[in-house]
Amino acid sequence: MINISGSLDNVNLDDDAFVDGVPHETFALLRQVSPVHWTRWKGGDGYWSITRYNDILNVLKDWKRFTSERGANLENWDGDQSIARRSMLEMDPPRHTSLRKIVSMDFSPRAVARYESFVRDITKTIVEQTLKKREFDFVDQFAAQIPMRVFARIMGVPEEDTEKLIAWGDELMGNTDPEVTEVTMYSEESEKYRLYPFRNPAALKVFEYGRWLRRHKWDEPRQDVLTKLAHADVEGRSLMDWEFDNMFLLLITAGHETTRQAIVHGVEALIRHPDQIRRLQNDASLMQTAVEEILRWATPILHFRRTVKEDVELHGKKLRAGDKVVLWFISGNRDEEIFPDPFYFDVGRAPNEHLTFGKVGVHYCLGAYLARLEIRVVFEELLPYLHRFELAGKPVRMRSNFTHGIRFMPVKVVTD
Ligand code: HEM
C-alpha cells in the first residue's frame with residue numbers, strides 16, 4: 001500500500017523530484033483526487049498531468065485531438081524547432097505512417113524471432129566477462145553493453161563503433177543530468193543547440209556519423225536497416241537529410257537507454273525480492289510473465305507528451321488547444337483500479353497489460369518485440385546466478401522525470 005497523504009498545492013514532478021526515486025505518493029494522490037491536474041513546471045508554462053491508466057489509453061488512441069507534432073517531451077518547441085527536429089515520433093499520420101513503414105518489418109515479431117541466436121551470443125559473452133569479476137557496476141559493465149550491440153548488428157553499424165554510440169546515447173538521454181552531460185537542457189549553453197534533438201551537442205556527432213554511414217551503405221548495400229534507410233523511397237523520393245538524421249538519431253536513442261534500464265531495474269527488483277528469484281528458478285515457465293512484470297515495474301520511459309489540438313473537457317477540466325498533456329506511464333502502471341496490489345513485484349502477474357511501450361495508438365513502440373526478446377534472453381542467461389547477486393552499494397539515480405534511470409548500481413556476486 002502507498003501513503004496518499006500530501007497536498008495538491010505542493011505537487012512537484014520536475015526532474016529533481018525523481019532523484020531519490022519515483023514520487024509514487026504524489027502520483028497516488030493525483031490518481032485519487034485530481035487525475036487531470038494542471039502541474040507547474042520550472043521549464044515554462046504548466047502542463048496537464050494525466051495519471052490514470054484508462055485516461056492515458058484514451059489520449060494515446062486519439063491522435064486527431066492530441067497531436068505529437070509539437071514535441072514528445074516537456075521542452076517547448078518554437079516553429080523552427082518543430083521543423084528542424086521532428087522525427088516520426090513527433091509526427092501524426094499520414095506523414096508518420098510513411099516513415100514508420102520503411103523500418104517496421106525489421107522489428108515485427110517474425111523478424112525479431114530471427115535475431116534470437118545472436119542476441120543470445122552477445123548476452124552470453126557479456127555474462128561470462130562480468131561474472132569473472134567479484135564486484136562491478138551492473139549499469140555500465142553489463143546492462144549498457146547489450147542493447148547497443150544488438151542494435152548495431154540489426155542496423156548495420158560497425159561493431160567497433162558501438163562504444164562511441166553508447167557514449168552519445170548516454171549524453172542525449174541524460175540531458176537533464178549534469179553528471180551525465182556538460183550541456184543540460186535548461187542551461188544557457190543549450191541555446192546554441194536548440195535546433196538539434198535533446199538540445200545537446202552529441203546530436204551533431206550522431207548526425208555526422210549517420211551521414212557517413214549513409215554514404216557507405218549507398219555504395220555498399222547490405223541486408224540491414226541502414227541500407228534500407230539509405231535507399232528508402234518515400235512517395236517517389238529519397239529521405240531528405242533532416243529526415244534521415246532524425247530517424248537515425250531516434251533509432252539510436254529509443255532502444256538503448258530504455259532496454260538497459262529495464263534490465264537494471266529488473267535485476268534490482270529481483271535482488272530485493274529473493275522469493276521471486278526462487279519462484280523463477282523453480283519454474284522457468286514463469287519467464288514470460290516475469291519479463292512483463294519487469295517492464296511494468298521498470299517503466300523506463302516515465303512519460304511522453306501530447307499537445308491539445310482542439311479544446312476538450314476531461315474529468316471536468318477544460319483543456320485548451322495548445323496545452324501540453326503529459327501521460328505518466330509510471331503512474332498508469334501502478335493504477336490500483338487496473339493492477340491488484342500494484343506495488344507488489346510478482347513474476348507471475350497475469351494479466352499484465354502495462355503501458356510501458358505506449359500500448360495503443362500509432363506511436364506504439366516500434367522496438368517492443370525486440371526489447372522483450374533482449375530482456376527475456378538476459379534473464380534466462382542470468383537466472384542460474386541471480387540468487388548470488390547482492391547490491392554492493394546504493395544505486396544512484398538519474399536526475400530526470402523522463403528517463404527512469406539508474407546511472408550506477410554496484411553489485412557483487414557471492415559464492416554459493
Ligand atoms: C524497454 C525498452 C523500451 C521502452 C520502455 C520503450 C518505450 C517506448 C514508448 C513508451 C513509445 C511511445 C512513444 C509515444 O507514444 O509518443 C516508444 C516509441 C518508439 N520506440 Fe520504444 N521503447 C523501448 C525499446 C525500444 C527499442 C529496442 C527500439 C528500437 C527499435 C525502440 C524504438 C522506438 C521508436 C522508433 C518509437 C517511435 C515509434 C513511432 O513514433 O511510431 N524502442 N517506445
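Could we say that residue 382 is within 25 Å of residue 119 (Cα to Cα), touching a residue at least 12 places away in the same chain (Cβ under 8 Å), buried (at least 16 other Cβ atoms within 10 Å of the Cβ) and within 16 Å of the ligand (Cβ to nearest atom) here? Lay out the reasoning, then the answer.
On the way: within 25 Å of residue 119 (Cα to Cα): yes; touching a residue at least 12 places away in the same chain (Cβ under 8 Å): yes; buried (at least 16 other Cβ atoms within 10 Å of the Cβ): yes; within 16 Å of the ligand (Cβ to nearest atom): no.
When the stated conditions are applied, residue 382 does not pass them.
Could we say that residue 394 is away from the ligand (no atom under 16 Å from the Cβ), assigned to a strand (DSSP E or B) and farther than 21 Å from residue 326 by Cα here? Step through it out loud before you land on a result.
Numbers: away from the ligand (no atom under 16 Å from the Cβ): yes; assigned to a strand (DSSP E or B): no; farther than 21 Å from residue 326 by Cα: yes.
For residue 394, the condition - away from the ligand (no atom under 16 Å from the Cβ), assigned to a strand (DSSP E or B) and farther than 21 Å from residue 326 by Cα - is not met.
Report, by residue number, each residue of the stretch 207-220 that is farther than 18 Å from residue 249 by Cα and either in contact with a Lys or Arg (Cβ under 9 Å, 6 or more places away or on another chain) or of a type in the set (Asp, Glu) (or both). Spell out the reasoning first.
Within the stretch 207-220, the first condition is being farther than 18 Å from residue 249 by Cα, and the residues that meet it are 218-220.
If the condition is that a residue be farther than 18 Å from residue 249 by Cα and either in contact with a Lys or Arg (Cβ under 9 Å, 6 or more places away or on another chain) or of a type in the set (Asp, Glu) (or both), then 219, 220 are the ones that fit.
Given the structure, is residue 52 basic (Lys, Arg), more than 23 Å from residue 174 (Cβ to Cβ) and surrounded by 20 or more Cβ atoms within 10 Å (Cβ to Cβ)? Walk me through it before giving the result.
Details: basic (Lys, Arg): yes; more than 23 Å from residue 174 (Cβ to Cβ): yes; surrounded by 20 or more Cβ atoms within 10 Å (Cβ to Cβ): yes.
Judged against the criteria, residue 52 is a match.
If you take the residues in the stretch 70-101 that are within 11 Å of the ligand (Cβ to nearest atom) and in a loop (DSSP other than H, G, I, E, B), which one is surrounded by the most Cβ atoms within 10 Å (Cβ to Cβ)?
The residue in question is 86.
I'd like to check which strands (runs of 3 or more DSSP E) are fully inside the stretch 260-377 and have at least 2 residues that are more than 16 Å from the ligand (Cβ to nearest atom).
Details: elements: 303-308, 312-314, 317-319, 324-328.
It comes to 312-314, 317-319.
Matching residues to (1) farther than 30 Å from residue 197 by Cα; (2) out of contact with any helix residue (DSSP H, G or I) (no Cβ under 7 Å at 6 or more places or on another chain); (3) of a type outside the set (Phe, Trp, Tyr); (4) modelled with pLDDT of 95 or more:
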| residue | (1), (2), (3), (4) |
| --- | --- |
| 106 | no, no, yes, yes |
| 112 | no, no, yes, yes |
| 124 | yes, no, yes, yes |
| 129 | yes, yes, yes, yes |
| 135 | yes, yes, yes, yes |
| 138 | no, no, no, yes |
| 142 | no, no, no, yes |
| 162 | no, no, yes, no |
| 178 | no, yes, yes, no |
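Give the residues of the stretch 102-120 that are among the polar types (S, T, N, Q) and part of a helix (DSSP H, G or I), sorted by residue number. Write out each step before concluding.
The first filter runs over the stretch 102-120 and keeps only residues among the polar types (S, T, N, Q), leaving 104, 108, 117.
If the condition is that a residue be among the polar types (S, T, N, Q) and part of a helix (DSSP H, G or I), then 104, 117 are the ones that fit.
Only one residue in 229, 204 is in contact (Cβ under 8 Å) with a residue 60 or more places away in the chain, part of a helix (DSSP H, G or I) and at negative phi. Which one?
On the way: 204 fails: in contact (Cβ under 8 Å) with a residue 60 or more places away in the chain.
It is 229.
Out of (1) assigned to a helix (DSSP H, G or I); (2) under 28 Å from residue 353 (Cα atoms); (3) over 22 Å from the mean Cα position of the chain (by Cα), what's the single condition that is false for residue 39?
Residue 39 satisfies all of (1) assigned to a helix (DSSP H, G or I); (2) under 28 Å from residue 353 (Cα atoms); (3) over 22 Å from the mean Cα position of the chain (by Cα) except (1).
Take the stretch 179-230 and flag every residue that is aliphatic (A, V, I, L, M) and surrounded by fewer than 17 Cβ atoms within 10 Å (Cβ to Cβ).
Within the stretch 179-230, the first condition is being aliphatic (A, V, I, L, M), and the residues that meet it are 180, 183, 185, 195, 202-204, 206, 213, 225-226, 229-230.
195, 204 - these are the residues of the stretch 179-230 that are aliphatic (A, V, I, L, M) and surrounded by fewer than 17 Cβ atoms within 10 Å (Cβ to Cβ).
Of everything in the stretch 42-52 that's at pLDDT 95 or above and outside any strand (DSSP E or B), which residue is farthest from residue 9 (Cα to Cα)?
In this case the residue turns out to be 52.
For the stretch 127-153, what are the residues that are closer than 13 Å to residue 267 by Cβ and without any contact (Cβ under 8 Å) to a residue 40 or more places away in the chain?
Of everything in the stretch 127-153, those that are closer than 13 Å to residue 267 by Cβ and without any contact (Cβ under 8 Å) to a residue 40 or more places away in the chain turn out to be 130, 141.
Could you list, in sequence order, the residues of the stretch 232-259 that are within 16 Å of the ligand (Cβ to nearest atom), among the aliphatic types (A, V, I, L, M) and outside any helix (DSSP H, G or I)? If you could, list the steps in order and put the result at the bottom.
As a first pass, look at the stretch 232-259 and keep what is within 16 Å of the ligand (Cβ to nearest atom): 232, 234, 239, 243-259.
Now restrict to residues that are among the aliphatic types (A, V, I, L, M): 232, 234, 239, 247, 249-252, 254.
Of everything in the stretch 232-259, those that are within 16 Å of the ligand (Cβ to nearest atom), among the aliphatic types (A, V, I, L, M) and outside any helix (DSSP H, G or I) turn out to be 232, 234, 239.
The values are calculated or read from the model by the stated rules, or taken from the named source; none is laboratory data. Being a predicted model, the structure only gives us computed values, none of them experimental. Positions of Cβ are generated from backbone atoms using ideal geometry, with glycine treated the same way; all protein chains shown enter the neighbour counts.
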